[in-house]
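Written below as structure tokens is the structure these notes are about.
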Amino acid sequence: MLYAIFGNDVQDSLQKRQAARPAHLARLQALQDAGRLLLAGPFPAVDAIDPSAAGFSGSLIVAEFSSLEAAQEWASADPYVAAAVYAQVAVRPFKKVFPA
């Protein structure tokens, strides 16, 4: 089943994000290589593709996991959690409708 993982950043998270980003991306790449990643990306803190110094306000990951508990465990082990980039992480079941 698919699960949506929402990470909400702490204030002024950009430097922490940049430091933890390689490890964070490596985990996402592993999900993609396994065919389990639907989409992933950050929310710019301002209305711009490149928010520069404004940074990001959080992230969204939608991926396949065997259970809600497995998705929560994976999310809890994210490098952004360890680096205190995220103030809060929520995991919810997700049903993809479009595109079909």
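The values are calculated or read from the model by the stated rules, or taken from the named source; none is laboratory data. Every value quoted in this text rests on a predicted model; they were computed, and no experiment measured them. All Cβ positions, even for glycine, are placed from backbone atoms using ideal geometry, and neighbour counts span all protein chains on display.
With respect to Val62, is the statement that it is within 22 Å of Val97 (Cα to Cα) and either surrounded by 14 or more Cβ atoms within 10 Å (Cβ to Cβ) or in contact (Cβ under 8 Å) with a residue 24 or more places away in the chain (or both) true?
Taking the combined requirement at face value, the residue satisfies it.
What number goes with the only condition from (1) exposed (fewer than 11 other Cβ atoms within 10 Å of the Cβ); (2) at negative phi that Ser52 does not pass?
(2)
So, of the residues in the range 3-19 that are among the aliphatic types (A, V, I, L, M) and buried (at least 17 other Cβ atoms within 10 Å of the Cβ), which turns out to be nearest to Pro93 (Cα to Cα)?
Only one residue tops the list, namely Ala4.
This table checks each residue for (1) exposed (fewer than 14 other Cβ atoms within 10 Å of the Cβ); (2) touching a His at 6+ places or on another chain (Cβ under 7 Å); (3) of a type outside the set (A, V, I, L, M, F, W, C).
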| site | (1), (2), (3) |
| --- | --- |
| Arg21 | no, no, yes |
| Leu37 | no, no, no |
| Phe43 | no, no, no |
| Leu68 | yes, no, no |
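State yes or no: is Ala63 under 14 Å from the mean Cα position of the chain (by Cα), among the small types (Gly, Ala, Ser) and more than 16 Å from Gln18 (Cα to Cα)?
For Ala63, the condition - under 14 Å from the mean Cα position of the chain (by Cα), among the small types (Gly, Ala, Ser) and more than 16 Å from Gln18 (Cα to Cα) - is met.
Give me the pairs, please: first residue somewhere in the range 31-56 and free of Cβ contacts under 8 Å to residues at least 40 places away in the same chain, second residue anywhere and of a type in the set (Asp, Glu), beta-carbon distance under 7 Å, and either six or more positions apart or on two chains.
As it stands, the answer is Arg36/Glu64, since those pairs meet every condition given.
What residue, among those in the range 31-73 that are touching a strand residue (DSSP E or B) at 6+ places or on another chain (Cβ under 8 Å) and assigned to a helix (DSSP H, G or I), is modelled with the lowest pLDDT?
Ala54
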